[in-house]
Amino acid sequence: VFVMTAVGSLKDATLRLANASKKDVDTDGRGGNSTADAKGATGGEVLGKVGRNDIRRWEQRFEIVSLVGTFSRDGSCHLHMSLSDADGRTIGGHLIDGVVFTTVEVVLGTADGIEFRRSHDDETGYKELVPWQIQSEDESWLKMFRPNMSIVFSVVLGISIGMALSSRKQL
């Protein structure tokens, strides 16, 4: 399941700012941007960190500019949200929590035969998206025919052409 589109407003939002990988290290050994630099640029109350990434909370009204992401069969989700304040300034990050101000309308979609899983990536140090093809039980009987589908198609096409030519000869 994935988010196709979303509109609405929030009055409280908590986001994880993902601007550093677990392996990022700058010259002073702290890694990523300092909290002081990031706080001046983005505002919000710093609630904590995941690796070098701040988790921040804003208690103000926002318009949802964008919401994208996936939901997995194991109940987990990975959602990115962009929010705009009354002056048009925009913030964004991984959605941790939010409180609806008026309404939020979310349209979800599915990709038949695809499951969204996460697997550890040695490069980033995080679990990354791995689309996984799944087979429904209703389709399992088809797998024995798939390797031979081109032969079946050729035979059917040949029979169709043959029947069409026979019909013309009879006229």
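Bear in mind these aren't lab numbers, they're just calculated from the coordinates by the rules spelled out. Just so you know, these numbers come straight off a predicted model, no measurement behind them. All Cβ positions, glycine included, derive from the backbone under ideal geometry; neighbour counts span all protein chains shown.
Data table
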{"read-out": "Gain on full stretching of the segment that runs from N19 to L108 - 0.36 nm per residue minus C-alpha separation", "value": "29.4 nm"}
{"read-out": "Burial order of peptide ranges 101-108, 1-8, 63-70, 12-19 (average beta-carbon count within 10 Å, highest first)", "value": "12-19, 63-70, 1-8, 101-108"}
